[in-house]
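Participant: Next up is a structure, given as structure tokens.
Every read-out reported here was derived from the displayed coordinates using simple, explicitly stated rules and does not represent laboratory data. As the structure is a prediction and not an experimental result, all values here were calculated from the model. All Cβ positions, glycine included, derive from the backbone under ideal geometry; neighbour counts span all protein chains shown.
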Amino acid sequence: MSPASLDWAVCDFAIWVAGAVTVPVYETSSAEQVRWVLSDSGAVAVFAGDAQCAALIRQAQVPGVEVVWAPAALTAWPGLGRRSARRRS
């Protein structure tokens with residue numbers, strides 16, 4: 001879940017190369033919509049492109065999502081209990 005960006009295009013390509021499937025979630029979706037789309041798709045991991053997307057994913061409380069990857073600036077989500085990827089310099 002991310003605004004359109006080069007980072008998202010790279011993540012989308014990496015998902016494809018890994019043999020996984022991208023499930024698009026619009027950044028304008030409500031928490032209920034995010035929860036339904038991710039739950040119905042069987043998603044187990046999510047990319048959060050910015051703080052607003054991260055907050056929405058957290059609010060949605062999707063039961064099947066095991067990992068949320070986010071830029072290093074978003075790694076300090078209190079109580080999230082999920083791993084975050086760190087960008088390499």
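Participant: Is region 6-74 best put as rounded, prolate or oblate by its Cα gyration tensor, with a ≥ b ≥ c the root eigenvalues, rounded for a/c under 1.5, and otherwise prolate when a/b is larger than b/c, oblate when not?
Facilitator: On the way: a/c = 1.67, a/b = 1.19, b/c = 1.41.
Oblate.
Participant: Hand me the chymotrypsin sites (Phe, Trp or Tyr not before Pro) from region 4-61 located in a DSSP loop with no more than 11 other Cβ atoms within 10 Å, in residue order please. Don't jump to the answer; show the numbers that get you there.
Facilitator: Values: sites: Trp8, Phe13, Trp16, Tyr26, Trp36, Phe47; in loops: Tyr26.
Here the chymotrypsin sites (Phe, Trp or Tyr not before Pro) that fit, given the DSSP loop and packing criteria, are Tyr26.
Participant: For region 43-59, list residues with backbone N below 19 Å from a point placed 7 Å from the Cα of Val21 toward its Cβ?
Facilitator: 43-47
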